[in-house]
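Working notes for the structure below.
The values are calculated or read from the model by the stated rules, or taken from the named source; none is laboratory data. Please read all numbers here as calculations on a predicted model, not as lab measurements. Positions of Cβ are generated from backbone atoms using ideal geometry, with glycine treated the same way; all protein chains shown enter the neighbour counts.
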């Protein structure tokens with residue numbers, strides 16, 4: 001551009017902004033730059049309708065969780081006080097010194113819980129549950145008890161009752177977890193908890209996300225449809241889910257449909273178009289989820305760091321470190337030994353029922369593949385008639401491996417052959433009690449409490465190369481796909497969830513999956 005052209009442009013813009021309050025006193029070039037930024041904003045403001053305020057998931061859950069925390073802590077403190085009868089009066093008011101300290105520390109709890117993110121994660125993650133925050137609650141309750149101890153010492157209670165503090169710690173941990181679970185259960189029944197959602201991009205990834213959301217009504221995501229100018233042919237399992245418009249229409253659609261969440265998957269639009277779209281969405285006060293490029297290589301245990309403002313996603317090494325393996329193995333030994341001791345009467349009763357119900361051994365033994373493809377003998381309670389041919393199961397596995405069809409409600413790996421399943425076996429499968437002998441495999445070191453499902457050797461036939469990463473960790477009794485996907489996944493998707501577990505392993509993840517497993521079983525979902 002020539003100097004004359006640049007000068008003419010600046011003169012035109014300066015003239016056009018003359019008298020505008022925002023540009024008063026600015027130099028002509030600064031006024032022109034401001035006008036180029038502000039003019040589209042004024043046009044948007046003139047056409048945008050201000051959406052009326054309405055109660056949303058975040059607003060509802062934050063207040064219910066806050067009330068749950070305060071009630072739980074107060075209940076734990078009241079029970080301890082009533083049990084120990086150690087109130088120390090201040091003057092004649094009848095309020096104990098410990099009560100005053102407790103009340104003074106409640107705001108500290110609320111602030112610490114806020115810093116831990118314990119009031120905000122439900123709006124961010126559709127899959128968040130109370131089990132995901134047990135570790136954080138444990139930290140907070142423990143620190144709170146120590147603060148109470150220190151505060152008591154500072155105000156003159158030089159020797160607080162340690163038994164009393166320990167009892168309060170235990171009850172506070174129990175009550176807070178239980179009250180938060182109850183609060184979430186109650187919140188999910190409210191209409192305000194439901195989030196209206198859109199998916200930008202109706203390609204393969206966008207439609208896969210849509211299917212997963214539709215199969216999990218417990219997420220309380222009301223999927224309205226897709227935004228895409230050039231959608232691909234729709235999957236059959238998406239029903240009548242519509243394409244609501246093109247990306248340029250998203251602002252109007254968000255306002256009209258009262259959208260709370262927008263999931264941005266891949267589309268055929270260019271980088272700049274998608275970037276403008278995301279920036280435009282955020283001004284509508286909605287939550288935005290971005291599916292990252294190379295998402296197949298990203299696990300749950302990733303870190304985001306910046307290099308001079310440029311965000312980088314850090315992927316940790318796939319193989320678990322030696323110290324982490326030692327921690328996992330120690331927990332497996334302690335957990336399996338404890339569970340075997342607690343479940344021994346139940347296992348003896350099941351063994352008796354199996355022998356009474358049908359001829360054959362109590363245990364079913366089968367070759368399976370564990371960590372590093374090491375073969376071991378898996379133990380389960382026998383649920384089928386002795387001598388049942390495994391060829392139909394082999395054919396069934398090959399069939400579902402070669403297709404994207406869902407295997408049905410009976411689970412990915414349990415082919416229901418009603419003529420071969422025993423009466424006791426049917427009940428054992430429904431309750432997943434047939435898996436209890438695998439605790440012996442865990443104690444032996446052949447399996448872990450949490451990990452990918454132990455595969456049958458012939459299931460390797462159609463593996464993709466990256467799916468062998470699932471063998472970097474021990475096979476487990478329960479795992480990521482058993483808890484999160486259950487019978488809603490294809491064979492390939494289940495394997496990819498196993499890979500995601502291996503890539504994103506952490507001790508906290510194991511604890512969360514263990515805590516969520518009983519609820520899955522309680523809902524009569526087989527865990528395979």
Exclusive hit being assigned to a helix (DSSP H, G or I) and more than 22 Å from the chain's Cα centre (by Cα), set 143, 205, 134: 143
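Let's see how each residue does on (1) at pLDDT 85 or above; (2) closer than 27 Å to residue 323 by Cβ; (3) in the same structural domain as residue 431 (by TED's automatic domain parsing); (4) part of a helix (DSSP H, G or I):
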{"residue": "459", "(1), (2), (3), (4)": "no, no, yes, yes"}
{"residue": "470", "(1), (2), (3), (4)": "yes, yes, yes, yes"}
{"residue": "474", "(1), (2), (3), (4)": "yes, yes, yes, no"}
{"residue": "477", "(1), (2), (3), (4)": "yes, yes, yes, no"}
{"residue": "482", "(1), (2), (3), (4)": "no, yes, yes, yes"}
{"residue": "487", "(1), (2), (3), (4)": "no, no, yes, yes"}
{"residue": "493", "(1), (2), (3), (4)": "no, no, yes, yes"}
{"residue": "498", "(1), (2), (3), (4)": "yes, yes, yes, yes"}
Across the range 317-333, the tally of residues that are over 21 Å from residue 434 (Cα atoms) and in a helix (DSSP H, G or I) stands at 10
If only one of 324, 258, 318 is closer than 22 Å to residue 194 by Cα and in contact (Cβ under 8 Å) with a residue 40 or more places away in the chain, which one is it? 258
Out of all the residues in the range 145-175, which are at pLDDT 90 or above and surrounded by fewer than 16 Cβ atoms within 10 Å (Cβ to Cβ)? 166, 170, 174
Name the one entry in 435, 446 that is buried (at least 18 other Cβ atoms within 10 Å of the Cβ), over 17 Å from residue 381 (Cα atoms), in contact with a strand residue (DSSP E or B) (Cβ under 8 Å, 6 or more places away or on another chain) and in the same structural domain as residue 498 (by TED's automatic domain parsing). 446
Selection from the range 261-292 of residues that are touching a residue at least 24 places away in the same chain (Cβ under 8 Å) and within 30 Å of residue 464 (Cα to Cα): 263, 264, 265, 266, 267, 268, 269, 289, 290, 291
